[in-house]
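Have a look at the structure below, then the notes.
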Amino acid sequence: MEAPRSQFAIKFLPSLADFAFLLPLAFLFGRLDGVPTLLSDGDTGWHIRTGDWMVANRAIPTHDLFSFSKPGGVWYAWEWLSDLLFSGLNHLGGLRAVVLLSLLLLACTFGLLFRLARRHANPVVAILTVTVAAAASSVHWLARPHLFTLLFLVGFFFVMERVREGRTRVAGIPYYALLPLATVLWTNLHGGFVAGILLVGLYGAGELLRVALAPDPALRRPAARRAAAWCGVALACLAASLANPYGWRLDVHLFQYLRDPYASQHISEFLTLSFHHPAAIFFEVLLLGSAVAVFRCASEGRYTHSLLLLVFGHAGLLAARNIPLFAIVSTPLVAASVDAWLERLPRLAVAGWLRDAGARLNRIVAETASTDDIPRWRLASIAGFALVAAVLFAPAPPRKFRAEYDPKTYPAAAADVLRRDPAARVFTNDVWGGYLIWRLYPAGKVFVDGRSDFYGDEFENQYLDVMNVKRGWEKILGGFGVDTILLPPSASLSGALKESSRWRVVYDDGVALIFRPVAGVAGLSRPAAGTTLFAACPGGGAGRDREVTKTTVGDRAITESFLILRSETQ
């Protein structure tokens, strides 16, 4: 009687699966900056506003909605289904609801990843490896549609490993048919469906290697059948990706975008991660473990796993945004290698104390596994996530739980000012451009935002020329009719504008500067007569790095406008 009672009591206790589910939340709010980390990218804003446009117009965009620099240009809104979801959540609960969905996606991703790792290793090694993976992947935790790709990638990997183990169906549906069906949904949520097709293709390539390298001819025929099956599924997934509003044009567009050198040279998330980054050490651990696992898998004839580690490891080294993909693929395989090494440790030709320690550790791990295998009711996962949601929706949550763009990083007050002049043609950096879409939609338009695939290389190079104050920067701005510039004080262009006799600061709050052309300067647009929307910083710019930042404090209209703005925002 005691054993059943104790097992019943254990059902209420958290398991390692619960810890894995709550792990990204603990890491986000414990080690990172919480919600501001998820909202550290302006793209979230234009994703929401794209969904708003679709709801209002009952259509999927085919042309640009947000810029005055390329109005009506051909645009592929490839995350349209995510955008609709983000818009609906924002309508129901504001940014808090969007953040909550992002947290749920992260929690489900690492909860499922633990289950996958657990199939390859003991639970202790699995949870430790998943912890390293979560820390490494945190470099790209943002409230954006790519979080769907992380969850789908784990799901694909889980299904494909079950097929490799001999499982063929779930609920009567063949896994081979399930993957193309899932690709349709994945394609319309995020362009990362390419990673899923790649994953399936690598399974086929691994089996082809087995055909070529297997020493026993009897192993080659079944390997050839598996290779044909996986290649067929990969082609089926590719065909399924055509089920989107743009058809084959989307696949071509993504192929051209991914091979475009501009992104890998200028967009931060496409650059190689700096190994001085705080998360780099975790990435290094996974790389080291993967290097060992590659040789172990190859020596055992599991060429598919070796290929997965090599290809996704290479992708992680190429671009920081690929590190979460590599972390997902490498975790179960690295965990399997560590688990195998621990099992052999008591028999290795090493110091006796080390063999004894290994034996004790294996006994503890076995006992932990026995206890952890007792079914649970996942009350800890539900309670932990509910607690985070409650704090997130509290009337005055702590700073790490505030679902807002950080006003110390984004031009919140300046956007309030710009809202009063919706016709302004504002130049700002691409991150703030996405934020301005969020704040000024539908009336305000932007010069540039994070949709680099839409703007193209030629335009983006012009944008960089202006930001880097290269020869002809004013001519570029004049060609687009820019009459307002919004920048942080630290921007190189801000320094040049402060020194210029053709521009003057009309707003300065310490986070953002707004510049307008000096009246009467040829070749530059001017504000409309009587415009009094822009306010001087309190003190007229005193205490700033250059005296030239001071505005005309004797202008009564501007001063009165600033006082009105302060009274409205307090």
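Is region 31-43 home to any residue that is more than 24 Å from residue 411 (Cα to Cα) and surrounded by fewer than 19 Cβ atoms within 10 Å (Cβ to Cβ)?
Scanning region 31-43, I find at least one residue that is more than 24 Å from residue 411 (Cα to Cα) and surrounded by fewer than 19 Cβ atoms within 10 Å (Cβ to Cβ), so the answer is yes.
Can you find a residue that is within 22 Å of residue 270 (Cβ to Cβ), of a type outside the set (Gly, Ala, Ser) and touching a strand residue (DSSP E or B) at 6+ places or on another chain (Cβ under 6 Å) anywhere in region 417-428?
There is at least one residue in region 417-428 that is within 22 Å of residue 270 (Cβ to Cβ), of a type outside the set (Gly, Ala, Ser) and touching a strand residue (DSSP E or B) at 6+ places or on another chain (Cβ under 6 Å).
Checking residue 110 against (1) crowded, with 24+ Cβ neighbours inside 10 Å; (2) among the aromatic types (Phe, Trp, Tyr); (3) more than 15 Å from residue 21 (Cα to Cα): exactly one of these is not met. Which one?
The failed condition is (3).
Is at least one residue of region 76-94 crowded, with 22+ Cβ neighbours inside 10 Å, small (Gly, Ala, Ser), in the same structural domain as residue 143 (by TED's automatic domain parsing) and out of contact with any strand residue (DSSP E or B) (no Cβ under 6 Å at 6 or more places or on another chain)?
Taking every residue of region 76-94 in turn, at least one turns out to be crowded, with 22+ Cβ neighbours inside 10 Å, small (Gly, Ala, Ser), in the same structural domain as residue 143 (by TED's automatic domain parsing) and out of contact with any strand residue (DSSP E or B) (no Cβ under 6 Å at 6 or more places or on another chain).
Which condition from (1) surrounded by 20 or more Cβ atoms within 10 Å (Cβ to Cβ); (2) at pLDDT 95 or above is the one that residue 17 breaks?
(2)
Show me the helices (runs of 4 or more DSSP H) found entirely inside region 144-220 where at least 1 residues are of a type outside the set (Ser, Thr, Tyr), out of contact with any Pro (no Cβ under 7 Å at 6 or more places or on another chain) and closer than 15 Å to residue 304 by Cα.
146-164, 193-213
Against the definition (of a type outside the set (Phe, Trp, Tyr) and at pLDDT 95 or above), how does residue 195 come out, yes or no?
In short, yes.
Working only within region 238-270, note down all residues that are in contact (Cβ under 8 Å) with a residue 60 or more places away in the chain, surrounded by fewer than 15 Cβ atoms within 10 Å (Cβ to Cβ) and either out of contact with any helix residue (DSSP H, G or I) (no Cβ under 9 Å at 6 or more places or on another chain) or more than 17 Å from residue 187 (Cβ to Cβ) (or both).
Result: 249, single match.
Please enumerate the residues belonging to region 338-378 that are farther than 30 Å from residue 10 by Cα, surrounded by 13 or more Cβ atoms within 10 Å (Cβ to Cβ) and either among the basic types (Lys, Arg) or touching a helix residue (DSSP H, G or I) at 6+ places or on another chain (Cβ under 6 Å) (or both).
Within region 338-378, 345, 346, 355 qualify.
In region 418-440, which residues are over 29 Å from the mean Cα position of the chain (by Cα) and either of a type in the set (S, T, N, Q) or closer than 23 Å to residue 492 by Cα (or both)?
424, 425
Looking at region 271-286, which of its residues are among the hydrophobic types (A, V, I, L, M, F, W, C) and free of Cβ contacts under 8 Å to residues at least 40 places away in the same chain?
Answer for region 271-286, where residues must be among the hydrophobic types (A, V, I, L, M, F, W, C) and free of Cβ contacts under 8 Å to residues at least 40 places away in the same chain: 275, 280, 281.
Has region 148-157 got at least one residue that is of a type in the set (S, T, N, Q), out of contact with any Cys (no Cβ under 8 Å at 6 or more places or on another chain) and more than 17 Å from residue 312 (Cβ to Cβ)?
Checked region 148-157: no residue is of a type in the set (S, T, N, Q), out of contact with any Cys (no Cβ under 8 Å at 6 or more places or on another chain) and more than 17 Å from residue 312 (Cβ to Cβ).
Go through the residues of region 199-211 one by one and say whether even a single one is in contact with a Cys (Cβ under 7 Å, 6 or more places away or on another chain), closer than 30 Å to residue 50 by Cβ and not charged (D, E, K, R).
Scanning region 199-211, I find at least one residue that is in contact with a Cys (Cβ under 7 Å, 6 or more places away or on another chain), closer than 30 Å to residue 50 by Cβ and not charged (D, E, K, R), so the answer is yes.
Look through 59, 77 and report the one residue that is more than 28 Å from residue 462 (Cα to Cα) and assigned to a loop (DSSP other than H, G, I, E, B).
When all the criteria are applied, what remains is 59.
Can you pull out the residues in region 199-228 that are of a type in the set (D, E, K, R) and either touching a strand residue (DSSP E or B) at 6+ places or on another chain (Cβ under 8 Å) or surrounded by fewer than 13 Cβ atoms within 10 Å (Cβ to Cβ) (or both)?
216, 221, 225, listed by residue number.
Exactly one of these conditions fails for residue 72: (1) surrounded by fewer than 19 Cβ atoms within 10 Å (Cβ to Cβ); (2) touching a residue at least 60 places away in the same chain (Cβ under 8 Å); (3) more than 30 Å from residue 277 (Cα to Cα). Give me its number.
All conditions are met except number (2).
Under 9 Å between Cβ atoms, at least 6 apart or on separate chains: pull out the pairs that start in region 1-29 with a residue that is of a type in the set (Lys, Arg) and end on any residue that is modelled with pLDDT under 85.
11/374; 11/375; 11/376; 11/377
So, in region 231-249, how many residues would count as being within 14 Å of residue 75 (Cα to Cα) and touching a Phe, Trp or Tyr at 6+ places or on another chain (Cβ under 6 Å)?
1
Suppose we filter 445, 400 for residues that are touching a helix residue (DSSP H, G or I) at 6+ places or on another chain (Cβ under 8 Å), touching a residue at least 40 places away in the same chain (Cβ under 8 Å) and of a type in the set (Lys, Arg); which single one remains?
None of the others qualify; the one that does is 400.
Just checking, does region 507-515 include any residue being of a type in the set (A, V, I, L, M, F, W, C), part of a loop (DSSP other than H, G, I, E, B) and surrounded by 21 or more Cβ atoms within 10 Å (Cβ to Cβ)?
The answer is yes, given that some residue of region 507-515 is of a type in the set (A, V, I, L, M, F, W, C), part of a loop (DSSP other than H, G, I, E, B) and surrounded by 21 or more Cβ atoms within 10 Å (Cβ to Cβ).
The values are calculated or read from the model by the stated rules, or taken from the named source; none is laboratory data. It should be emphasised that the depicted structure is a prediction, and the values quoted were computed from it without experimental measurement. Please note: Cβ atoms are built from the backbone with ideal geometry, for glycine as well, and neighbour counts cover all protein chains shown.
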